Amino acid sequence: MDEHARHDLAERLRALPSVDAVLKTGPAQAATERFGRPEATRAVREALAEVRAHAARLLVVPLPEDVAAAALAALDARAQPSLRPVFNLTGTVLHTNLGRAILAEEAIEAAVAAMRSAVALEFDLDTGKRGERDEHVRELLCELTGAEDATVVNNNAAAVLLVLNTLASGREAVVSRGELIEIGGAFRMPDIMARAGARLVEIGTTNRTHPKDYEGAIHAETGLVLKVHTSNYRIEGFTKEVPPRELAAIARARGVPLVNDLGSGTLADLARYGLAHEPTVREAVAEGADLVTFSGDKLLGGPQTGFIVGRADLIAAINKNPMKRALRVDKVRLAALEATLKLYRDPDRLAARLPTLRLLARSASELAARAQALLPDVAGILDDGFEVSVVTCASQIGSGALPLETLPSAGLAIHAPGSVLNALAGALRALDIPVIGRIRDGALILDLRCLEDEAGFLDSLSGIGDGAPP
Ligand SMILES: *Cc1c(COP(=O)(O)O)cnc(C)c1O
């Protein structure tokens, strides 16, 4: 830096407004009002430091208002919740990374009421004595599944862990090699077994397991036989598995409980809503499983929970396990769960009230009509460089339910060269309410199956370009 430039820079830095001068401006007053004095002061100091760091490149010295506005913008950005609502236009209805099931209004109201107030969570209002939190949903679960008894925990992974730990700790758990699943993340059946203290006994082969395999493996050390619904894959071709009824008979004859981990499970017959049949919990119970485990936020459409339903003596043993306490659910989720389960008492209106089912039941023609209606607005908002068209596409249920079944759907395809497309996907993620689509065959596909708030979507989309993509 020559003498002149050095002098020039020193001049600029001297001309920068002081912290006090910035704090007196309108935007800084607003920042103080909203975020408090210490936060506003800190943000102003940081904004000034930022200006100082780039002083050599400044064409003009910023006004106090400009610095304050930068500070306010930074505070606004920091105040944004980290867990933000998004538009799920991926076509996967139960997207684990996007939070799975959306709750019914009835469930939301119940959860909010429970958050605002003390509730009779473990308090028997008839006797005034201590009650059980499971009581709020126990009878409902029995009614909806035909099971003798039921208990609720944090999620289905917890349900499986608790069952294995209660019935097979220090003992053996028999599973077919064709059912040793990985769900994703760290949920691998052999690892869960190890953590539960159960010794895994693998039987059969990947593609074929016979009754004699189970019969030969069950002995005095066997704690349970586990059947796992291969929810996220399918083994096809030269295959054989032992039908649940036959397996139940084998286990019962030897006095060993049969546990069926259904994964998603469903309380309603999906065929009734135009979807492929997925095993219902009631069927699994009727087929003779001693315990059935399943999730609350998959096809059931409720809050994250895990269920164990079945034989009363086994449920009683599970409830005595100290681990149950560590895996229990809070009042908010219990309230949402009770309200969700009650919707199942009225199957005629279930699809209208339960978002998961409502979204799954939307027809391709309805969605194509919505795409056609949205096309001009979306094309109008996007730059001329993008070509937008209506496309047919395939939605998925997600969360491992019916992995090979897709639902005919429709959406908007945005065509552009590859790098531009990635930038567009980034810009959509940077919106006030981010829009999440998926890139396929050189186009960004926005599957409309899960889009109900179209006005909100267009509103958010119209902010494109306002915020810089990440
Ligand atoms: C999804 C799934 C689980 C885990 O359930 P979470 O509710 O995600 O904990 C366990 N077993 C099977 C077969 C599943 O599909």
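FYI, it's all coordinate maths here, none of it is from the lab. Note that the coordinates shown come from a computational prediction; the quantities given were computed from them, not determined experimentally. Note that we place each Cβ from the backbone using ideal geometry, even for glycine, and neighbour counts take in every protein chain shown.
Once you list every other residue whose beta carbon is under 9 Å from the beta carbon of Asp290, what net charge do they have if Lys and Arg are +1 and Asp and Glu are -1?
+2
Dividing the mean sequence gap of close Cα pairs (under 8 Å, 6+ apart) by how many residues the stretch 295-378 holds gives a relative contact order of 26 percent.
Here's the list of aspartates and glutamates a cross-link from Lys240 could span, going by alpha-carbon distance under 13 Å and ignoring same-chain residues fewer than 8 apart: Glu179, Asp213.
What GluC sites (Glu not before Pro) does the stretch 368-459 have in DSSP loop regions with at most 16 other beta carbons within 10 Å?
Hits after loop and neighbour filter: Glu405, Glu452.
Axis angle, to the nearest 10 degrees, between helix 364-381 and the longest C-alpha principal axis of the chain: 10 degrees. Distance distribution P(r), the stretch 27-142, all Cα-Cα pairs, bin width 5 angstrom from 0: 2, 9, 11, 10, 9, 8, 9, 10, 9, 8, 6, 4, 3, 2, 1, 0 percent.
Residues with beta-carbon under 14 Å from that of Val163, excluding Val163: net charge, scoring Lys, Arg +1 and Asp, Glu -1?
Local charge sum for Val163: +2.
For the listed peptides 137-146, 187-196, a ranking on the average number of other beta carbons within 10 Å per residue, highest first, reads 137-146, 187-196.
For Lys298, the aspartates and glutamates whose Cα falls under 14 Å of its own Cα, not counting residues fewer than eight places away in the same chain, are Asp261, Glu278. Summed over all non-identical Cα pairs, the Kirkwood treatment of the stretch 312-417 gives a radius of 18.1 Å. Sorting 338-347, 121-130 by their mean Cβ neighbour count within 10 Å, with the most densely packed peptide first, gives 338-347, 121-130.
As a ratio to 2.2 N^0.38 Å, the alpha-carbon radius of gyration computed for the stretch 127-210 takes the value 1.38. Which percent, nearest 5, of DSSP beta bridges in the chain are antiparallel? Bridges in the chain are about 60 percent antiparallel.
How much mean residue ellipticity at 222 nm does the chain get from its helices, if each DSSP H run of length 4 or more adds -39500 (n - 2.57) and you divide by all residues, to the nearest 500 deg cm²/dmol? When only DSSP H runs of four or more count, the value is -13000 deg cm²/dmol. Gyration tensor analysis over the Cα atoms of the chain returns equivalent ellipsoid semi-axes of 52, 28, 23 Å (largest first, whole Å). Going by a ≥ b ≥ c, the root eigenvalues of the Cα gyration tensor, does the stretch 189-297 fall in the rounded group (a/c under 1.5), the prolate group (a/b larger than b/c) or the oblate group? Because a/c hits 1.5 or more and a/b exceeds b/c, the stretch 189-297 counts as prolate.
Each peptide among 153-163, 278-288, 245-255 gets the average number of other Cβ atoms lying within 10 Å of its residues, and from highest to lowest they stand as 153-163, 278-288, 245-255. Grab the other residues whose beta carbon is less than 9 angstrom from that of Phe123, score K and R as +1, D and E as -1, and report the net. Summing Lys and Arg as +1 and Asp and Glu as -1 gives 0. Is the C-alpha gyration tensor of the stretch 1-94 telling us rounded, prolate or oblate? Criteria: a/c under 1.5 is rounded; beyond that, a/b larger than b/c is prolate, otherwise oblate. Cα axes put the stretch 1-94 in the oblate bin.
Please label the shape of the stretch 318-358 as rounded, prolate or oblate, based on the square roots a ≥ b ≥ c of the eigenvalues of the alpha-carbon gyration tensor (a/c under 1.5 means rounded; beyond that, a/b larger than b/c means prolate, else oblate). Prolate shape, in that a/c is at least 1.5 and a/b is the bigger ratio.
For the chain, the relative contact order works out to 18 percent when only alpha carbon pairs closer than 8 Å and six or more residues apart are counted.
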